[in-house]
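Report on the structure given below.
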Amino acid sequence: MKFLYEKRLLYDVCGIQPFVLEDNTYVFNNPDKFGIENINRNDKDSGDRLGYCYRVNKGMSQQEALRFIREEAVNMFRNAESALKRHTLTVCSGQVQ
C-alpha cells in the first residue's frame with residue numbers, strides 16, 4: 001500500500017481486486033502449487049464473484065480475500081496515506097526551521 005501511495009503520481013486510477021480463478025491459467029492448471037485443493041467446475045461466475053469457486057488448504061479462502069479487499073486493503077491505503085502525509089509535513093517543517 002505504501003508503494004501505491006508513493007507512486008500515486010504515476011497513475012490516475014488504482015484498483016485492488018481479489019484473485020479470480022479462470023480457465024487455462026497457470027494457477028488453474030497447477031492448483032496444487034497454490035494450495036488449491038478443490039475447484040468446483042460447475043460453479044463459475046456466480047453472484048458477485050467471477051471465476052470458479054474453490055477451496056484452499058493454505059492461504060486466504062475466497063471469502064477471506066474478498067473481505068480483505070473490501071475492508072482491510074482500503075484501510076491500509078488510507079493509513080499509509082495519512083502516515084506519509086504526517087512524515088512529509090514533519091520533514092518539510094524540519095527543513096524550513
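The values are calculated or read from the model by the stated rules, or taken from the named source; none is laboratory data. Owing to the predicted nature of the structure, the values given are computational and were not obtained by experimental measurement. Backbone-built Cβ (ideal geometry, glycine too); neighbour counts: all protein chains shown.
What pairs come out if I take residues in the stretch 26-44 that are closer than 14 Å to Ser61 by Cβ and pair them with residues that are of a type in the set (Lys, Arg) whose C-beta lies under 7 Å away, six or more apart or interchain?
As it stands, the answer is Gly35/Lys58; Glu37/Arg55; Asn38/Arg55, since those pairs meet every condition given.
Can you name the residue in the stretch 26-52 that is in contact with a Phe, Trp or Tyr (Cβ under 9 Å, 6 or more places away or on another chain) and on the phi > 0 side of the Ramachandran plot and is also modelled with the highest pLDDT among such residues?
Gly51
Can you name the condition, by its number, that Asp12 falls short on among (1) over 23 Å from Arg70 (Cα atoms); (2) assigned to a loop (DSSP other than H, G, I, E, B)?
Failed condition: (1).
Identify all residues within the stretch 54-79 that are more than 30 Å from Lys7 (Cα to Cα) and modelled with pLDDT under 85; write none if there are none.
If the condition is that a residue be more than 30 Å from Lys7 (Cα to Cα) and modelled with pLDDT under 85, then no residue fits.
If you take the residues of the stretch 15-30 that are within 20 Å of Ile69 (Cα to Cα) and not β-branched (Val, Ile, Thr), which of them is surrounded by the most Cβ atoms within 10 Å (Cβ to Cβ)?
This residue is Leu21.
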